[in-house]
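Engineer: Below is one structure. I have some questions about it.
The values are calculated or read from the model by the stated rules, or taken from the named source; none is laboratory data. Not measured: the values here are computed from a predicted model. Heads up, the Cβs are rebuilt from the backbone with ideal geometry, glycines too, and the neighbour counts pull from every protein chain shown. Accessible surface is based on the protein model in full, side chains and every heavy atom, while ligands, DNA and RNA are left aside. Shrake-Rupley method; radii C 1.70, N 1.55, O 1.52, S 1.80 Å.
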Amino acid sequence: MAAPVRALTRCRFASTTGLWKAVNHEARRSNHTNSSGKETHFGFQTVSEEEKGEKVYRVFENVAEKYDVMNDSMSLGIHRLWKDWLVRHMNPIPGTKLLDVAGGTGDIAFRFVNYIRAQKEKMIRQKLKAQQTLSWSEISKTYQEQEMGSLGASQAVICDINKEMLKVGRQKLLKLGYSEGLSWVAGNAEELPFADDTFDVYTIAFGIRNVTHIDQALEEAYRVLKPGGRFLCLEFSHVDNPLLARVYDLYSFQVIPVLGEVIAGDWKSYQYLVESIRRFPPQEEFKSMIEDAGFFKVNYHNLTSGVVAVHSGFKL
Ligand SMILES: C[S@@+](CC[C@H](N)C(=O)[O-])C[C@H]1O[C@@H](n2cnc3c(N)ncnc32)[C@H](O)[C@@H]1O
């Protein structure tokens, strides 16, 4: 399904608070019929598929401003280590084109930019070290030519359905001094506004469990990746240590909604967060879903005893 023009149009008109509705309305008119009268889950509630999309949209619209602070508070900063792990595991090289879906406030994209810059600098240093007899002016010229710290052809596209999350992300990264090589696109993981075979890497961090049709999002990931491209998903998963599982459950249900109320004034959104984690398929089941979408060499790594897992697969 290569329909970049139609999809980009859909992306641009989505400017009101009902962005999810607009995206979904357009999707209904297209061949991908999202509103089927079928039921699904929103946390522990049973809702219609259309209602789920609207509710998820509202959750992230409500939490956008406090999203980063809440992430640090709820996870005691550990989400940073998980995201660092994901990007180290990706090990991107200069020139990589990344699509970060459900990219929210840009945490994966700015780690990607940092990693690429560090890689580029390392390559320049190695090149210079190999040439022992260079003069100072030659060294200086090499640094200027190679634009130390620049991204070169590398690019990260942050795509998210929620314009409030994108707005907060854009402001955050501008404040941190990131602009080169980044672009922000409003779009639905189930119907991405990009042409076939476009990206080297597709990431989705803590996003896929919020998507109504996970199978459709996986098919879209496959479509937009170049042959040889890599799919990487960081998501809450199922804890493999019974003692930790018990403590984690207590913490999730007794502490997280309270933190949500105290810090963000929003109990319900954080209740949804913990419920949605419990509804997400276990590691092996999710692995099979990724294989069903056509990916090869699918595997996963549990982090923090399976509190989260990183699934990886390749489009061959
Ligand atoms: C928990 S946040 C994760 C944000 C970011 N990836 C991170 O790790 O901090 C989930 C994100 O998924 C987005 N999202 C939910 N459903 C989506 C969909 N169908 N398509 C694209 N993004 C979606 C939300 O708007 C939200 O920004």
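Engineer: Identify, by number, the condition in (1) over 16 Å from residue 165 (Cα atoms); (2) in contact with a strand residue (DSSP E or B) (Cβ under 8 Å, 6 or more places away or on another chain); (3) open to solvent by 10 Å² or more (accessible area, probe 1.4 Å) that residue 183 doesn't meet.
Structural biologist: For residue 183, the exception is condition (1).
Engineer: Okay, next question. Please work out if residue 315 is of a type in the set (Lys, Arg), more than 21 Å from residue 41 (Cα to Cα) and touching a residue at least 12 places away in the same chain (Cβ under 8 Å). Break it down into steps so the answer makes sense when it comes.
Structural biologist: Details: of a type in the set (Lys, Arg): yes; more than 21 Å from residue 41 (Cα to Cα): yes; touching a residue at least 12 places away in the same chain (Cβ under 8 Å): yes.
In short, yes.
Engineer: Restricting to the stretch 246-264, and then to whatever is more than 26 Å from the chain's Cα centre (by Cα) and not aliphatic (A, V, I, L, M), can you tell me which residue is most open to solvent (accessible area, probe 1.4 Å)?
Structural biologist: 246
So that you can scan it fast, the table gives a plain yes or no per residue for (1) touching a Cys at 6+ places or on another chain (Cβ under 6 Å); (2) open to solvent by 50 Å² or more (accessible area, probe 1.4 Å); (3) more than 13 Å from residue 188 (Cα to Cα); (4) away from the ligand (no atom under 16 Å from the Cβ):
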residue	(1), (2), (3), (4)
206	no, no, yes, no
213	no, no, no, no
221	no, no, no, no
227	no, yes, yes, yes
232	no, no, yes, no
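Engineer: Checking residue 172 against (1) surrounded by 19 or more Cβ atoms within 10 Å (Cβ to Cβ); (2) within 16 Å of the ligand (Cβ to nearest atom): exactly one of these is not met. Which one?
Structural biologist: Failed condition: (1).
Engineer: Pairs under 8 Å by beta carbon, first residue touching a residue at least 12 places away in the same chain (Cβ under 8 Å) in the stretch 258-279, partner more than 14 Å from the ligand (Cβ to nearest atom) and among the hydroxyl-bearing types (Ser, Thr, Tyr), six or more apart or different chains?
Structural biologist: Going by the 8 Å Cβ cut-off, the qualifying pairs are 274/252; 277/252.
Engineer: Could you please find all residues in the stretch 49-80 being touching a residue at least 40 places away in the same chain (Cβ under 8 Å) and more than 19 Å from residue 169 (Cβ to Cβ)?
Structural biologist: 49, 52, 53, 55, 78
Engineer: Right, next: Any residue in the stretch 294-305 that is buried (at least 19 other Cβ atoms within 10 Å of the Cβ) and under 24 Å from residue 42 (Cβ atoms)?
Structural biologist: No.
Engineer: Next question. Filter the stretch 69-79 for residues that are open to solvent by less than 40 Å² (accessible area, probe 1.4 Å) and within 12 Å of the ligand (Cβ to nearest atom); which is modelled with the highest pLDDT? Reasoning before the result, please.
Structural biologist: At the first step, the residues of the stretch 69-79 found to be open to solvent by less than 40 Å² (accessible area, probe 1.4 Å) are 70-71, 73-75, 77, 79.
Within this subset, residues satisfying the condition of being within 12 Å of the ligand (Cβ to nearest atom) are 70-71, 74-75, 79.
Working: 70: 92, 71: 94, 74: 92, 75: 94, 79: 98.
So, considering only residues that are open to solvent by less than 40 Å² (accessible area, probe 1.4 Å) and within 12 Å of the ligand (Cβ to nearest atom), the one modelled with the highest pLDDT is 79.
Engineer: Now, a different point. Can you name the residue in the stretch 80-95 that is part of a loop (DSSP other than H, G, I, E, B) and either open to solvent by less than 10 Å² (accessible area, probe 1.4 Å) or at pLDDT below 95 (or both) and, of all such residues, is nearest to residue 69 (Cα to Cα)?
Structural biologist: Step one: filter the stretch 80-95 for residues part of a loop (DSSP other than H, G, I, E, B), giving 91-95.
Retained after the next criterion (residues that are either open to solvent by less than 10 Å² (accessible area, probe 1.4 Å) or at pLDDT below 95 (or both)): 92-95.
Details: 92: 28, 93: 31, 94: 31, 95: 32 Å.
Filtering first and then ranking leaves 92.
Engineer: Do you know which residues across the stretch 90-148 are among the β-branched types (Val, Ile, Thr) and in contact (Cβ under 8 Å) with a residue 24 or more places away in the chain? Lay out the reasoning, then the answer.
Structural biologist: Step one: of the stretch 90-148, the residues among the β-branched types (Val, Ile, Thr) are 93, 96, 101, 105, 108, 113, 116, 124, 133, 139, 142.
Within the stretch 90-148, 93, 96, 101, 105, 108, 113, 116, 124 qualify.
Engineer: Is it the case that some residue within the stretch 163-173 is closer than 21 Å to residue 226 by Cα and touching a residue at least 24 places away in the same chain (Cβ under 8 Å)?
Structural biologist: Taking the stretch 163-173 first, the residues closer than 21 Å to residue 226 by Cα are none.
Checking the stretch 163-173: not a single residue is closer than 21 Å to residue 226 by Cα and touching a residue at least 24 places away in the same chain (Cβ under 8 Å).
Engineer: So residue 202 fits all but one of (1) within 27 Å of residue 54 (Cα to Cα); (2) surrounded by fewer than 24 Cβ atoms within 10 Å (Cβ to Cβ); (3) not charged (D, E, K, R); what number is the exception?
Structural biologist: (2)
Engineer: Then there is this: Checking the structure you have, find out if any residue of the stretch 45-58 is at pLDDT below 80 and within 11 Å of the ligand (Cβ to nearest atom). So that I can check it myself, show each step before the final result.
Structural biologist: Narrowing the stretch 45-58 to residues at pLDDT below 80: none.
Scanning the stretch 45-58 turns up no residue that is at pLDDT below 80 and within 11 Å of the ligand (Cβ to nearest atom).
Yes/no per residue for (1) more than 14 Å from the ligand (Cβ to nearest atom); (2) part of a helix (DSSP H, G or I); (3) more than 21 Å from residue 80 (Cα to Cα):
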| residue | (1), (2), (3) |
| --- | --- |
| 235 | no, no, no |
| 261 | yes, yes, yes |
| 272 | no, yes, yes |
| 281 | yes, no, yes |
| 284 | yes, yes, yes |
| 297 | yes, no, yes |
| 301 | yes, no, no |
